[in-house]
Amino acid sequence: MQAHGTLALLCIFLCIPLVSCSRVVAHANTSPPEGIPVHVAHVLSQDVPLEIAAVGNVEAVERVDVKPRIAGQIRSVAFAEGQNVKKGQLLFTIDRDTTNRQQAQQQAELDRDIAIEQQAVAVAARDAASQKQSQSEADVAVKLGELGVLSGQSVNQAITASETTRSSLHADQAAIAAAAGAVRADHARLAQTKLQLNFADVVAPIAGRAGAAIVKAGNVVLENDTTLVTLLQLAPIRVVFGVPEQSLAEVQRLNAVGSLKVEIESGDHHLVEGHLDFIDNTVDPKTGTVRMKATFSNIDRTLWPGEFVNVRLRLRVDVRQIVVPQSAIQQGLEGKYAWRVQSGVATMVPVTVLRTYSAAISSQAGGEVAVLGSGLSPGDVIVAEGQLRLTPGARVSSINTQFGR
């Protein structure tokens, strides 16, 4: 009886593995006959740029803080805040009443001094005639004195009168010079006042976009002290960014041959192109980078001063490179590999990755791509997503193509 129980127990234990195996076989047979669903991509051959990525800050090429050149009360504001203004456009007007009164007073002083000058000229002309007459009389008196017709005292009196008129003429000429100097000074003061009247109209020194009006009508401003408004030039515009000091020599060498291209991807994934036009003369010891500036036309105003943007400085373009999506590259114990699909069967292929490249969204190979040195050929079909369930020789079915054709 005990022997029969032991035999039955042994049979039960022997049947358990068989049941488990049958379940495994049954489970294997439930895999989809059409293959494991994966996302596939085509291996491409295309030109790939070598670029330096950085974060840049947009700044205006020109920034002007508009300040008054005369003191006074703001009479009117002649622009709208945030408006694009032209060079020479009227922005503010400053009250002219005080300056107008000053101009009238200086004009009166000028007229007075002109009259004084004219009077001095007339007096000098009169004294010049008197001096000529007295000089002639003195000459006659001298001759008559030599003949004994006139006494020596009479001759001396004639000579003294001639010298007196000559001194008066010299004084008149000095008075004319003083009056002419006063007239010139009056002209200078009046010209300065007229210039200040022109400064009462505050105009835009550059073409650009106006910010907020810092002062309003009725405010009193001081000469060259109060900022009225800030103007920023938006087109063209600059982007400031840093490049690692290790790349400085190559950037300088290539930029000496021709201005390097700089690309920025705007918020709507629109690619904006500019050129490098400034390399700083020192390395920032805190960051180990060299400050550079690129200029963009910015005609459509996509770049705005103060914003941060992703910058790519293009050094060169490597032609006919083999590229695949970065997601297709897997890391194994023996190195990097990819799954190549041929006739619906996946095969593991070792690959050599030279570098990665973040392509523009608008390009054919949009997103992060890997540049290969060996392992695959253009036109090969590879698995881009869904590699987790793959084994060598497994059948796959393509859901869609994410990359290439």
Q: For the stretch 49-70, name all the residues that are among the hydrophobic types (A, V, I, L, M, F, W, C) and in a strand (DSSP E or B).
A: L50, I52, A53, A54, V55, V58, A60, V64, V66
Q) If only one of Q102, Q83 is polar (S, T, N, Q) and farther than 30 Å from H275 by Cβ, which one is it? A) Q102
Q.
Can you pull out every residue in the stretch 210-239 that is crowded, with 19+ Cβ neighbours inside 10 Å and within 15 Å of the chain's Cα centre (by Cα)?
A. L231, L232, L234, I237, R238, V239
Q) Taking the stretch 211-239 as the region of interest, how many residues are in a loop (DSSP other than H, G, I, E, B) and under 22 Å from V309 (Cβ atoms)? A) 5
Q.
Exactly one condition in (1) under 18 Å from G82 (Cα atoms); (2) in contact with a His (Cβ under 8 Å, 6 or more places away or on another chain) is false for K261; which is it?
A. (1)
Q | Any chance Q73 is of a type outside the set (G, A, S), assigned by TED's automatic domain parsing to the domain that holds L195 and either surrounded by 13 or more Cβ atoms within 10 Å (Cβ to Cβ) or at pLDDT below 95 (or both) | A | no
Q.
Suppose the filter is at pLDDT 90 or above and surrounded by 14 or more Cβ atoms within 10 Å (Cβ to Cβ); does A204 pass it?
A. yes
**Q.** Filtered residues of the stretch 356-389 (kept if at pLDDT 90 or above, surrounded by 13 or more Cβ atoms within 10 Å (Cβ to Cβ) and not aliphatic (A, V, I, L, M))
**A.** G375, P378, D380, E385, G386, Q387
Q.
So the check is Cβ under 8 Å with 6+ separation or different chains; which pairs have a first residue in the stretch 243-267 that's farther than 11 Å from L315 by Cα and a second one that's of a type in the set (D, E) and crowded, with 17+ Cβ neighbours inside 10 Å?
A. E263/E51
**Q.** Residue match in the stretch 130-141 (condition: out of contact with any Phe, Trp or Tyr (no Cβ under 9 Å at 6 or more places or on another chain), not small (G, A, S) and not in a helix (DSSP H, G or I))
**A.** no
Q | Pairs, first farther than 22 Å from D127 by Cα in the stretch 141-163, second part of a loop (DSSP other than H, G, I, E, B) and not β-branched (V, I, T), C-beta under 8 Å, six or more apart | A | L144/L150; G145/S151
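Where in the stretch 240-349 are the strands (runs of 3 or more DSSP E), entirely inside, with at least 1 residues that are crowded, with 17+ Cβ neighbours inside 10 Å?
261-265, 271-284, 289-296, 308-325, 335-342
The values are calculated or read from the model by the stated rules, or taken from the named source; none is laboratory data. All values reported here derive from a predicted model rather than from experimental measurement. Using ideal geometry, Cβ is built from the backbone for each residue, glycine included, and neighbour counts are taken over all protein chains shown.
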